[in-house]
Amino acid sequence: MNSNFRKFIFQDLQTVEGYIDPPDALVFLSLLQAQQENGLAGGVAEIGVFYGRSYFLFKKVCNGQDKVLAIDLFDMDDKPDDAPDQYESFLENGRRLGLPVDEELIIKGDSTRLLPNAITDKIGRTRFFSIDGGHMLHHVISDGALATDTLADHGIIAFDDTFNPAWPEVTVGVSDFLRERKDTFATFCMTKYKTYVCRREFHDFYYRAIAEAPDLMAFDHVETEFLGSKVARLHNPISRRMVYELMVRSGMRAFSERVYR
């Protein structure tokens, strides 16, 4: 087990406001480490940073060896006038976690207006591209195309909220992305919140990486199929989620990691 990373995921990272929950954080960790162990290098890009929960996981795992690029509008302004704005809170989270943000690797703006070289000029081809920006169909279409145009041959794209009923156009967008690129891309893993895709020639490699990852043994691995690809669906029973939430709310965050062993 990656004890230092697991402590970071279950304790430190949970102090950052955000949405990536422990199962997907463990998938991110497992995939990034599988890439590192096999010499599959490249930059990491994220559309939709919020306050940096998944961004700082990328920073922690990459440990300065690969560049991490954050793309966000940073325009949330619903806090009191005397509270830090979204961007300043993001920077402060980095300082507090000992993972300072490299402001040269921040793009403030609308991802749908970016050209691929805006990314590759900063970090080169990407080995991991997380898409969690706008949730309407045109956002997903544009962000998927941007990720495709910047991805290394061995790169992964992680789509957020793929089957969330609150955002039905994300489901349409991801399905269209895969149908239009059926000869190029394949899904290899799904969780409650995210869908993970790669180029077809790397499908078996990443499918095995998920199946063999020590940090994912706690989950039920259910084989399914999605648009012609064999997929490992990681099932996280509601009973486990309830125990985890109860421990966190009871002030037992330091012990909550045990639920996912």
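Read the figures in this text as sums done on the coordinates, not as results from a lab. Just so it is clear, the structure is predicted and the values come from calculations on it, not from any experiment. Because the Cβ atoms are built from the backbone with ideal geometry, glycine has one as well, and the counts that use them run over all protein chains shown.
Quick notes
- The stretch 65-145: projected area of the alpha-carbon convex hull, averaged over directions, in nm²: 6.4 nm²
- Taking amide H positions as modeled 1.01 Å from N, with prolines and chain starts lacking one, the residues under 5 Å from residue 151 and 5 or more places away or on another chain are 126.
- Normalised convex hull volume, the stretch 90-231, alpha-carbon set, Å³ per residue: 140 Å³
- Counting only DSSP H runs of at least 4 residues, each contributing -39500 (n - 2.57), and dividing by the residue count of the chain, the helix-based mean residue ellipticity at 222 nm comes to -11500 deg cm²/dmol.
- Placing R0 at 22 angstrom, the Cβ-Cβ distance between residue 221 and residue 182 gives a FRET efficiency of 0.35 after rounding to 0.05.
- A cut-off under 9 angstrom between Cβ atoms defines the neighbours of residue 24, and their net charge, with Lys, Arg +1 and Asp, Glu -1, is 0.
- With a simple spin-label model that places each label point 7 Å from the Cα along the Cα-to-Cβ direction, the separation between residue 138 and residue 117 comes to 2.5 nm.
- Distance (nanometres) between label positions extended 7 Å along Cα→Cβ at residue 3 and residue 36: 1.7 nm
- For the stretch 15-166: Kirkwood Rh in Å [reciprocal of mean 1/r, alpha carbons]: 15.7 Å
- The length gained on full extension between residue 166 and residue 254, counted as 0.36 nm times the residue separation minus their Cα-Cα distance, comes to 28.5 nm.
- If you plug the beta carbon distance of residue 241 and residue 201 into 1/(1 + (r/R0)^6) with R0 = 51 Å, you get a FRET efficiency near 0.90.
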